[in-house]
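Student: Have a look at the structure that comes next, please.
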Amino acid sequence: MLPKQFQKALPILKEIERAHFEAYFVGGSVRDYLLDRPINDVDIATSALPQEIKSIFSKTVDVGIEHGTILVIHNGEGYEITTFRTEAEYKDFRRPDVVTFIRSLDEDLERRDFTMNAIAMNKEGSLIDPYHGKRDIANKIITTVGSAHKRFNEDALRMMRAIRFVSQLGFDVSAATIHSLAENAHLLEHISVERITAEFENLLEGNFKPKAFKLLISTGVYHYLPGCTASKEAIIKCADYSISSLSNQQMWALILIHLKKESLQDFLKAWKLPRKKINYLMKVYNTLQNRGNFQWDHFELYKAGIEVACDVEILFLTIDGKRISQQECEILTLKEMFEQLPIKSLKDIDVTGHDLMRWKSQKGGTWVKELLQEIEKAVVEQTVENNKNSIREWLISCNHL
Ligand code: ATP
Ligand code: MG
């Protein structure tokens, strides 16, 4: 019987088979189903060529037609359908630009990275598992399909994928695959930063980060991470903390804390992280650096914002070796304190620059901004109530008007 998680996509397999082609569920969804984990995208592999898929379905999008992938929209949901293919020609240790379409499922499974990712499932729910992925899943082992050395030389990104799967699944890596990771780590120099970053971001989300970090270090893969050539110690130090439950952002900030101050921007830019994320991480970093010099009060909390404050506090307590239960307690207190703030941002103040100019009969200038900041602080610290009249009276009493 086809498991219920795949039922919604069953009509797609049936449609393709009606047109006399083969179609199977493959990759991450089959793996995660066998692991009893929630399923993300249900990917489908087929013997039909992309053009043939397009003629079978009315709603399609060419998301990666040159690699054989067509997105089919069915009942409002998108399914990636990829033609069986081989990636015969690998150049420069990277995924090839040209792929060869084939009609055999076995060969398609053979080009996949790890045995756990090389399992297909037909519409009856039967597995096609020539590389014994199910056995490896049961034994919690990540191992390449065929020779690890050959597979990492074809596409060096697979090394990063192995370690991010360790972080997500907590599996061990087979001895031969570990050996090959250490031997071929340097090939990551040929891989684009964007692809490495995408895998590392996934790694940072995993529940088994300590295991993944230990592997990054023991295999030497960490030498070849963007910006890490000169900052290897930072990765080593991070592995010493209780990092399992830290979020992606908290992990980035923890790494930053262990870098030299001058190299922070270069480090973050080397990963090509989005500007918005870099700015956020720098705010967490700066607040955390200063955290020893203040206690959270209304104004500190207001300035930081609750998201930054929580990230800072969790890191502060993690570095201090505090237990999760204590961290949760502190975070709850911070959240309660934040809820009590009379305003959450400058735009919540009940006066505007125009009010101030009118009250003082004075033209605008830097004084408006400065006075608004003073009012902001007084409102946050509850020296004055956040309404126009009270603020005006308070300004008069302080000789500001
Ligand atoms: P996730 O659940 O995180 O998406 P996934 O296994 O589905 O994990 P994808 O990147 O979505 O990972 O890839 C889908 C499938 O394509 C994989 O399961 C694997 O079979 C194959 N694959 C992906 N990247 C590679 C690669 N670099 N080399 C070989 N096969 C790959
Ligand atoms: Mg996937």
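The values are calculated or read from the model by the stated rules, or taken from the named source; none is laboratory data. In this text, all values refer to a predicted model and were calculated from it rather than measured experimentally. Glycine gets a Cβ as well: all are built from the backbone with ideal geometry, and neighbour counts include every protein chain shown. Just so you know, the surface numbers come from the protein's heavy atoms only, side chains and all, with ligands and any DNA or RNA stripped out. Shrake-Rupley method; radii C 1.70, N 1.55, O 1.52, S 1.80 Å.
Student: Being open to solvent by less than 10 Å² (accessible area, probe 1.4 Å) and among the polar types (S, T, N, Q) is the filter here; which residues of the stretch 145-167 pass it?
Tutor: Within the stretch 145-167, just Ser167 meets the criteria.
Student: Follow-up. Go through the stretch 112-128 and report how many residues are open to solvent by less than 40 Å² (accessible area, probe 1.4 Å) and either farther than 30 Å from Glu194 by Cα or assigned by TED's automatic domain parsing to the domain that holds Val173 (or both). Give the steps one after another, and end with the answer.
Tutor: Initial filter on the stretch 112-128 (open to solvent by less than 40 Å² (accessible area, probe 1.4 Å)): 112-122, 125.
If we keep only those that are either farther than 30 Å from Glu194 by Cα or assigned by TED's automatic domain parsing to the domain that holds Val173 (or both) as well, we get 121-122, 125.
So the answer is 3.
Student: Filter the stretch 132-155 for residues that are touching a His at 6+ places or on another chain (Cβ under 9 Å) and either near ligand 1 (Cβ under 9 Å from one of its atoms) or farther than 26 Å from Leu204 by Cβ (or both) and give the result.
Tutor: The answer is His149, and nothing else.
Student: Another question, if that's okay. Given the options Asp32, Asp41, name the one that is out of contact with any strand residue (DSSP E or B) (no Cβ under 8 Å at 6 or more places or on another chain), within 16 Å of ligand 1 (Cβ to nearest atom) and not aliphatic (A, V, I, L, M). Full working, then the answer.
Tutor: Details: Asp41 fails: out of contact with any strand residue (DSSP E or B) (no Cβ under 8 Å at 6 or more places or on another chain).
After applying the criteria, what remains is Asp32.
Student: Would you check if there is a residue in the stretch 154-164 being modelled with pLDDT of 95 or more and over 26 Å from the mean Cα position of the chain (by Cα)?
Tutor: Looking for residues that are modelled with pLDDT of 95 or more and over 26 Å from the mean Cα position of the chain (by Cα), one finds none in the stretch 154-164, hence no.
Student: Here is a further query. Which ones in the stretch 119-130 are part of a loop (DSSP other than H, G, I, E, B) and touching a residue at least 60 places away in the same chain (Cβ under 8 Å)? Full working, then the answer.
Tutor: Narrowing the stretch 119-130 to residues part of a loop (DSSP other than H, G, I, E, B): 119, 122-126, 129-130.
Result: Ile119, Asn122, Lys123, Glu124, Gly125.
Student: Would you pick out the residues in the stretch 347-365 that are farther than 16 Å from Asn387 by Cβ and not in a loop (DSSP other than H, G, I, E, B)?
Tutor: Gly353, His354, Met357, Arg358, Lys360
Student: Kindly state which helices (runs of 4 or more DSSP H) lie completely within the stretch 258-326 and contain at least 1 residues that are within 22 Å of Leu204 (Cα to Cα) and touching a residue at least 60 places away in the same chain (Cβ under 8 Å). Give the derivation first.
Tutor: Values: elements: 264-270, 275-290, 298-304, 306-319.
Those helices (runs of 4 or more DSSP H) span 264-270, 306-319.
Student: Can you give me the number of residues within the stretch 366-397 that are in a loop (DSSP other than H, G, I, E, B) and among the hydroxyl-bearing types (Ser, Thr, Tyr)?
Tutor: 1
Student: Could you say which residue among Ser55, Ser47, Ser29 is more than 16 Å from ligand 2 (Cβ to nearest atom) and closer than 28 Å to Ile142 by Cα?
Tutor: Ser47
Student: Return the residue satisfying two criteria in turn: it lies in the stretch 249-303 and is over 23 Å from Ala198 (Cβ atoms) and among the hydrophobic types (A, V, I, L, M, F, W, C), and of such residues it is surrounded by the fewest Cβ atoms within 10 Å (Cβ to Cβ).
Tutor: Among those residues, the one meeting the criterion is Phe294.
Student: Examine the stretch 138-146 for a residue that is more than 15 Å from ligand 2 (Cβ to nearest atom), part of a helix (DSSP H, G or I) and in contact with an Asp or Glu (Cβ under 7 Å, 6 or more places away or on another chain), and state whether such a residue exists.
Tutor: no
Student: Which of the residues belonging to the stretch 170-183 are surrounded by fewer than 21 Cβ atoms within 10 Å (Cβ to Cβ) and either in contact (Cβ under 8 Å) with a residue 24 or more places away in the chain or touching a Lys or Arg at 6+ places or on another chain (Cβ under 8 Å) (or both)?
Tutor: Gly170, Asp172, Ser174, Ala176, Ile178, His179, Ala182, Glu183
Student: Suppose we filter Leu371, Leu356, Leu315, Leu332 for residues that are open to solvent by less than 30 Å² (accessible area, probe 1.4 Å), in the same structural domain as Leu246 (by TED's automatic domain parsing) and among the hydrophobic types (A, V, I, L, M, F, W, C); which single one remains?
Tutor: Leu315
Student: Right, here's the next one. Within 16 Å of ligand 2 (Cβ to nearest atom) and out of contact with any strand residue (DSSP E or B) (no Cβ under 6 Å at 6 or more places or on another chain), is that true of Asn117?
Tutor: Taking the combined requirement at face value, the residue satisfies it.
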